[in-house]
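Colleague: Here it is, the structure, as structure tokens.
The values are calculated or read from the model by the stated rules, or taken from the named source; none is laboratory data. From a predicted model like this one, the values you see are computed outputs, not experimental measurements. Here the Cβ is made from the backbone with ideal geometry for all residues, glycine too, and neighbour counts use every protein chain on show. Protein only, heavy atoms only, side chains kept; ligands, DNA and RNA dropped before computing areas. Shrake-Rupley method; radii C 1.70, N 1.55, O 1.52, S 1.80 Å.
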Amino acid sequence: MDVVGYRLHRRHRGAIDRIEAVADQAVQLVTRKMREGIDPLRIVVTDSFGIDDHVLRNDAALLGTSKRQRLTSKSPAGRTSISEDGVLVVINAERCPADENLDVVLVHELVHAAQLSRPGAREEKLRHLRNNHGVEKLTRLEAWGANWRISADEREAGRLEYLASKLR
């Protein structure tokens, strides 16, 4: 597991330090509770501007395209995606002013990392990325199924956020 900063102001150095301190324990808690493994993991800590930029660059590189999709959400606390060699978790340090918030976001995103490590999930995520970047369209039924799966994954991640309270 690799923890790095990306376009991050030095005032957020504490966020990287906190994640480095608890990441291994958080991965153990999540994998034990979900009974799932997590593919090779890279955690990037960034700011509100860097979170979408980093994920979009990763997705474009993964798809081999220079097309850049626009993300419509307002600077989320975290995003998880697949990468060429595993799973990418990107955390927005500006949205996590306290260690407790950072721990909850880390656990939430690690649950998504475990979900993306399930059999067939990587291929499904690639199909969704191709659709989102305009490379290959999903049918309406496939899009509905993708949205249902995303909602179910979000509910599961939300239910397991309590694991953050066990981090030391």
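Colleague: Is it the case that residue 111 is touching a Lys or Arg at 6+ places or on another chain (Cβ under 8 Å) and either of a type in the set (A, V, I, L, M, F, W, C) or open to solvent by 30 Å² or more (accessible area, probe 1.4 Å) (or both)?
Modeller: no
Colleague: Please give the helices (runs of 4 or more DSSP H) falling wholly within the range 50-168 in which 1 or more residues are more than 24 Å from residue 8 (Cβ to Cβ) and more than 14 Å from the chain's Cα centre (by Cα).
Modeller: It comes to 121-132, 140-159.
Colleague: Still on this structure, please answer the following. Which members of the range 136-151 meet the condition of being among the aliphatic types (A, V, I, L, M) and open to solvent by 80 Å² or more (accessible area, probe 1.4 Å)?
Modeller: Scanning the range 136-151 gives 141, 150.
Colleague: Of the numbered conditions (1) touching a residue at least 12 places away in the same chain (Cβ under 8 Å); (2) open to solvent by 30 Å² or more (accessible area, probe 1.4 Å), residue 28 satisfies every one except a single condition; which is it?
Modeller: All conditions are met except number (1).
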